[in-house]
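The values are calculated or read from the model by the stated rules, or taken from the named source; none is laboratory data. The structure presented is a predicted model; accordingly, all values stated were derived computationally and were not measured. Because the Cβ atoms are built from the backbone with ideal geometry, glycine has one as well, and the counts that use them run over all protein chains shown.
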Amino acid sequence: MEQFLIPCFFASFYQTAWSLPLLVLSYFFLTFFLNICFIPGGFAWRYYHQNPRNPLKGPKLSWPFLGFLPQMGTLAHRKLASMASSLHATRLMAISLGSTRVVISSHPEIAKEILCGNSFSDRPIKESTILLMFDRAIGFAPSGDYWRHIRKTASIHMFSPRAISSLESLRQYIANEMVEKAHKEMKQRGFVNLKNILHKGSLHNVLGSVFGSSDKGNELGLMVKEGYELIGEFNWADYFPLGFLDIFGVRRRCHKLAAKVNNLVSELIRERRKIGDFRMRNDFLSVLLSLPEEDRLNDADMVAVLWEMIFRGVDNIAILLEWTMARMVLHPKIQAKVQDEIDRCCGLDRVIQDSDIANLPYLQAVVKEVLRLHPPGPLLSWARLATHDVHVDKCFIPAGTTAMVNMWAITHDPTVWPDPWAFRPERFMEEDFSIMGFNLRLAPFGSGRRACPGKALGLATVHLWLARFLQEFKWTPSEPVDLGECLKLSLEMKKPLLCYAISR
Ligand code: HEM
C-alpha cells in the first residue's frame, strides 16, 4: 500500500500552485550541488579554477564543502600519491580540505621550488597549534625577526656540532638504560616491546638535553602524549567557519593542557633561576637563561620554545628507530652485515662512540634506506603557506594556499628510485647521497629555510642507539613483523614491534 501512497503524494504536491517555484528551486539546488562536487580540486578552488590558462590539475569529483577531508585518514600519504599518479598530477595537484585550498607536489623538482623559494616560508596554523603555544615556537612562528632569533639561538646552543657532542654522555647513559631494559624484559617476559623502551628513552633524552635532570619526566611525558593526540585530532575550526561550536571539545582540552604545561614549565624556570647555577650547565633551559639581556626571551616565550623542543624531540627519533629495528629483524643478512661492520670498527668489548659513526658507512646507509621507505614525516609533517600570490610550475597559486610535499610518493616513485619497494641499503653505498635537504629525491628533514633544525641531533641519536642495540644483541622476530602504517602526527608502525634480543 505504502508503495503507491508516496508517489501519489508527490504527484499531487507538484500539481498544486507551488509546483513551478519548487521545480525551479530544486533545479538551482541540484545545479549548485553538482557544480561544487565537480569543481576540479574541490570547493575551495571555486574562484580560481575558472581560468582555462591555469594548467593546475585536481580531481574532478569531491564531497561538497568537505572536499577531500573524508580521504585524509591514517594512510593519507598513500591515497594522495595514487590520486596524483592516476590524474597525471604528480608535479602539482590541487585539492580542498574543507574550505582550505591545498596544493601537493610529488615531484622532486617542484618540491624544491616550494620548499626552497621565498613564497612558502610560513606555515598554516591550526587552532590547536595556537592554543598549545606553538605559534611562539620555532615550528609555527611566522618567518620574521622573532622566528629568526629563536631559530638561531636553538641552532647555536642546541643543534650545533659542539652542543650535540656535549650531550653524548647523556645519549650513552640512556642507551645503557635501554639495553638493560631489553635484558630485563627478555628475562621477565621472554620478548622485548621496543616501542615502549624507545619512547621512554627518547623522552628521557630530550628532557635531559632541555632541562638537565628533572623529576617531572612522567608528567611531561603524559602532556606530550596528550598534545600529540590534540594536534592530530580533527577540529572543525580549522576547516569551517562553524568552528566556534567546538563540537569535539578540542578547544576546551587544548586550553586545559596549555595551562598545565605553562604551570609546570614556568615552575622549572623559576626553580632554575632560584638555584642560579645556570651558567655552569649545558641544558637548553640554562642556555636560554644565560643569554645576554638584549637577546633574552620573556617567560611566556621561553615556555613555548622549551615545550616545543620536548614535543618534537620524542616522537620522531623513537619512531624512526622502531622502523629501523623492524627492518633489521626482517632482513637478518643485512643485520649481520651491520654487526660485522661494527665488530670490525670496535669489536665486542669497546662500547661504540659518536666518533665511530663516521667509520660505519653501511649503518648510515641502513638509516637512509629506512628514511626512504618509512619517512617519519611522509607529507613533511608541517605544511607551508603561500604568503603571496605565486606561480609554481607555471600554475597560479593564490596567497593563503597550503602547500605540501608528498615525500613518501617521491621516495616510492620508480622513475625517481629504481626498484623503490625493495629494502636495499647498498644503493646508498653505490651513490654518495646527502639526506640533509639538498636533493629532493630524498629529503626526510625538509629543505630550505624551514628545514628541520634538529636533523643532525636526530641522526646522531639514531645512529648511536642503533649501533649500541646491534652491538649488544642479535634481534629476531617473536611474531611476524607487520609493516602496516598509521599516519598520526608522524608515520608510526600500526602494531608495536615485538622481538627477541639475544646477547651477542
Ligand atoms: C628523525 C628525526 C626527525 C625528523 C625525520 C624530522 C623531520 C622534520 C620535518 C620534515 C620538518 C619540516 C621541514 C620543512 O618544512 O621543510 C621538521 C621541522 C622541525 N623540526 Fe624536525 N625532525 C626530526 C627531529 C627533530 C628533533 C630531534 C628536533 C628538536 C628537538 C626537531 C625540531 C624541529 C623544528 C623546531 C622544526 C621546525 C623548523 C621551522 O619551522 O623553522 N626535529 N622536522
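Applying the criterion of at least 3 residues that are among the aliphatic types (A, V, I, L, M) and within 14 Å of the ligand (Cβ to nearest atom) to the strands (runs of 3 or more DSSP E) found wholly in the stretch 357-414 leaves 402-405. Of all residues in the stretch 412-424, none satisfies being touching a helix residue (DSSP H, G or I) at 6+ places or on another chain (Cβ under 6 Å) and either of a type in the set (S, T, N, Q) or crowded, with 20+ Cβ neighbours inside 10 Å (or both). Which of the numbered conditions does Ile352 fail, given that it passes all the others? Conditions: (1) modelled with pLDDT of 95 or more; (2) in a helix (DSSP H, G or I); (3) closer than 20 Å to Arg171 by Cα. The number of the failed condition is (2). Could you look through the stretch 477-504, keep only residues that are among the charged types (D, E, K, R) and either in contact with a Ser or Thr (Cβ under 9 Å, 6 or more places away or on another chain) or in a strand (DSSP E or B) (or both), and pick out the one that is farthest from the ligand (Cβ to nearest atom)? That would be Lys494. Filtering the stretch 89-132 to residues that are in a loop (DSSP other than H, G, I, E, B) and either closer than 13 Å to Ile397 by Cα or β-branched (Val, Ile, Thr) (or both) leaves Thr90, Leu92, Ser119, Phe120, Ile125. Within the stretch 458-498, being without any contact (Cβ under 8 Å) to a residue 12 or more places away in the chain and under 20 Å from the mean Cα position of the chain (by Cα) holds for one residue alone: Gly484. Across the stretch 424-476, the qualifying residues are those that are more than 9 Å from the ligand (Cβ to nearest atom) and among the aromatic types (Phe, Trp, Tyr), and the one among them that is nearest to Arg151 (Cα to Cα) is Phe438. Taking Arg53, is it modelled with pLDDT of 95 or more and within 18 Å of Asp393 (Cβ to Cβ)? No: the conditions fail for Arg53. Only a single item in (1) over 19 Å from the mean Cα position of the chain (by Cα); (2) surrounded by fewer than 21 Cβ atoms within 10 Å (Cβ to Cβ); (3) more than 10 Å from the ligand (Cβ to nearest atom) is not met by Ala175, and it is number (2).
Looking at (1) within 15 Å of the ligand (Cβ to nearest atom); (2) over 14 Å from Leu132 (Cβ atoms), which is the only condition Ala336 fails? Among (1) within 15 Å of the ligand (Cβ to nearest atom); (2) over 14 Å from Leu132 (Cβ atoms), the lone unmet condition for Ala336 is (1).
Per-residue answers, yes or no, for (1) within 16 Å of the ligand (Cβ to nearest atom); (2) touching a residue at least 24 places away in the same chain (Cβ under 8 Å):
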position	(1), (2)
Arg136	yes, yes
Trp147	yes, no
Ile150	yes, yes
Ala154	yes, yes
Met158	yes, yes
Ala163	yes, yes
Glu168	yes, yes
Ala182	no, yes
Met186	no, yes
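When Leu457 is tested against the conditions (1) surrounded by 17 or more Cβ atoms within 10 Å (Cβ to Cβ); (2) hydrophobic (A, V, I, L, M, F, W, C); (3) assigned to a loop (DSSP other than H, G, I, E, B), the lone failure is (3).
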